[in-house]
Amino acid sequence: MIIDALTVPAETLLETDICIIGAGAAGITIARELSNQPYEVCILESGGLGYEPATQSLYEGDNVGTRYFPLKEARARYLGGSTNLWGGWSRPLDEIDFEQRSWMPYSGWPITKSELDPYYHRAQQACHLGPFEYDLAYWQAGLAQLQMEIPSLGEEITTHLWQVIPSTHVRFGEAYRTELEQARNIKTYLHANVIEIETNDTARAVTRLRVASIDGKQFCVKAKTYILAVGGIENPRLLLLSNKDQTCGLGNQYDLVGRFFMEHPILWSGKVSYFNQVAPPYIEVDNTFMGTGFGLSKQMQEREQVLNFSLRVKPIVEEWLLALKRLQYKMRQSKASQELTAIVEGHEYEFGLPKKETSAIEDLGQVIANSDRVLAKAYAKLFRKPTEQSVVYRTHLISEQAPNPDSRITLSTERDCLGLNRVNLDWRLSPIDKYTVKRSQQVIAQKFEQFALGQMQIELTDDDASWQSIKGSYHHIGTTRMSTNPRQGVVNEHCQVHGVSNLYVAGSSVFPTSGLSNPTLTIVALAIRLADEIKQQMKDTPTVKARTTSTTLAA
């Protein structure tokens with residue numbers, strides 16, 4: 001059942017067994033795993049079914065560190081969360097990402113890749129991806145049938161594969177809305193903003209949540225178990241705001257909440273000229289759409305003392321074709337998506353589409369001037385004729401970021417319309433982050449020449465100017481990191497907040513390290529793992545019949 005919280009009377013108390021805060025990738029995955037179980041589940045989602053400017057404005061904040069996207073444009077605050085904005089690129093973390101690395105401070109997870117693999121398999125199915133196979137060898141037979149070959153650069157260079165979620169399932173809110181509506185034990189409340197997590201006097205257990213709608217009306221939710229799943233910026237924000245019984249913020253007794261903010265730094269820098277025709281960087285094999293990239297093997301990372309990294313190549317597209325793509329994009333835009341242009345353009349930047357600011361008239365002029373080529377492209381697409389592939393590509397560099405306690409989320413003195421402190425983001429890169437990008441590209445360039453594959457032009461230098469275009473990937477990671485030691489992490493290996501018996505955190509904020517992979521597949525895997533933990537606990541816990549009562553919020 002989906003309910004608009006705007007219809008819930010003020011000063012209502014809702015009682016349930018499990019309360020999930022946030023309906024993004026993590027929250028919806030957990031709810032699906034708990035669907036039709038013998039206990040009641042409540043989901044609280046800040047937004048509605050689509051984009052709403054007033055709700056989106058609750059994300060506003062200030063960037064006080066490395067240049068970053070405007071915070072209200074870096075996420076989506078409605079059913080489905082930021083899956084409403086992403087491209088569906090999926091890849092598990094690598095084995096080395098879970099290990100403690102001597103050259104990388106604060107590295108190491110309290111769980112191993114092999115422990116998470118069973119949940120990756122289930123996440124792969126939940127996301128409607130192809131087989132859980134990210135080793136190139138598995139796909140060679142299919143590539144051979146297509147007469148395609150992905151070049152090899154020897155054992156020291158690994159080929160990275162990403163699978164892409166089908167468009168039918170990439171937006172979790174749209175894909176699973178009917179499922180949430182029909183689940184007999186789940187109630188999803190829209191326009192329900194959690195403004196405080198209340199605890200007992202010792203802050204050892206959560207007692208209830210204070211919830212407000214955008215019009216200022218408030219009510220409460222009481223549950224046995226609470227799961228915080230509102231993203232890598234809002235998770236620490238809500239913990240820091242919940243400071244009535246623990247003045248430094250909930251789970252923050254060691255000043256770790258909000259620290260270790262990580263991203264995936266990306267750069268467009270350099271070009272590749274292949275000596276021979278190779279498979280395009282995007283391929284479809286056995287009905288699975290994939291992207292490819294080059295990275296350093298585990299052994300090479302250790303030898304070079306670098307972080308995880310991938311170099312992807314994108315065809316250099318002529319201006320007339322870019323103009324055509326921009327026109328197609330502008331025609332697809334709805335009024336709501338225009339409000340989020342900066343977010344979508346950011347993802348276009350990530351996937352190699354145009355960022356150039358032009359008017360529709362300018363773009364139309366380019367298309368008309370090259371009408372013969374436009375028609376040729378349309379003919380080739382209509383009759384499935386192969387089009388000529390460029391052998392010159394731009395290099396797209398994406399890297400892991402080292403955990404840095406000074407890269408962090410803090411509360412601002414400014415407040416939103418609900419009276420909550422906004423956030424400051426102080427994103428900081430470390431010397432090893434830049435060294436990784438520069439050195440890894442150099443190593444791969446050397447292998448290109450060694451294996452006579454092509455020639456790579458490197459543009460990065462030690463001059464700060466060459467790093468000005470560095471950006472993030474809209475991946476917010478690490479701000480409630482996982483550790484068995486409460487002095488080194490906010491949650492334990494089961495994602496339970498240290499010292500709080502019934503509060504859990506889901507999402508990429510619990511990652512101790514970022515790896516180089518897009519985080520959503522790992523978010524889903526960890527969410528399934530957490531759901532299993534909750535189900536095990538609920539086996540021996542008496543359930544309550546969900547009920548609504550009138551109460552006094554000050555009580």
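Read the figures in this text as sums done on the coordinates, not as results from a lab. Remember, it's a predicted structure, so these values are computed and weren't measured experimentally. Quick reminder, even Gly has a Cβ in these numbers, built from the backbone with ideal geometry, and neighbours come from all protein chains shown.
Just subtract the alpha-carbon distance of E284 and K535 from 0.36 nm times their residue separation and send over the number in nm, one decimal.
Values: separation 251, 0.36 × 251 = 90.36 nm, distance 3.76 nm.
86.6 nm is the gain from fully extending E284 to K535.
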Among the listed pairs K298/K535; K271/K447; K298/K434; K217/K535, give every one whose C-alpha distance is greater than 25 Å.
-> K298/K535; K217/K535
How long is the gain from E11 to I316 if the chain were fully straight, where each residue apart is worth 0.36 nm and the alpha carbon distance is subtracted?
-> 103.9 nm
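List the trypsin sites (Lys or Arg not before Pro) within the range 139-225 that DSSP assigns to loop and that have no more than 15 neighbouring Cβ atoms inside 10 Å.
Qualifying residues, ordered by number: R184, R204.
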From the cross-link list K222/K539; K113/K224; K244/K471, which pairs have alpha carbons spaced over 28 Å apart?
-> K113/K224; K244/K471
Using label points projected 7 Å from each Cα along Cα→Cβ, tell me how many nm separate D117 and D462, to one decimal.
-> 4.3
Inter-centroid distance (Cα atoms) of the range 1-18 relative to the range 458-536, Å | 30
Coil-residue chymotrypsin sites (Phe, Trp or Tyr not before Pro) of the range 422-520, DSSP, other Cβ within 10 Å capped at 14 = F451
Rounded to the nearest 20 Debye, what is the dipole magnitude of the range 388-482 about its Cα centre when Lys and Arg each give +1 and Asp and Glu each give -1 at the C-beta?
-> 300
The range 150-267 shape via C-alpha gyration tensor axes, a/c threshold 1.5 | oblate
What is the range 119-199 by shape, rounded, prolate or oblate, if you read a ≥ b ≥ c off the alpha carbon gyration tensor as root eigenvalues and call it rounded for a/c under 1.5, prolate for a/b larger than b/c, and oblate otherwise?
-> prolate
Which loop chymotrypsin sites (Phe, Trp or Tyr not before Pro) in the range 73-116, with loop taken from DSSP, have no more than 14 other Cβ atoms within 10 angstrom of their Cβ?
-> W103
Decide, for the range 1-104, between rounded, prolate and oblate: order the square roots of the alpha carbon gyration tensor eigenvalues as a ≥ b ≥ c, take rounded if a/c falls under 1.5, and otherwise choose prolate if a/b is larger than b/c, else oblate.
-> oblate
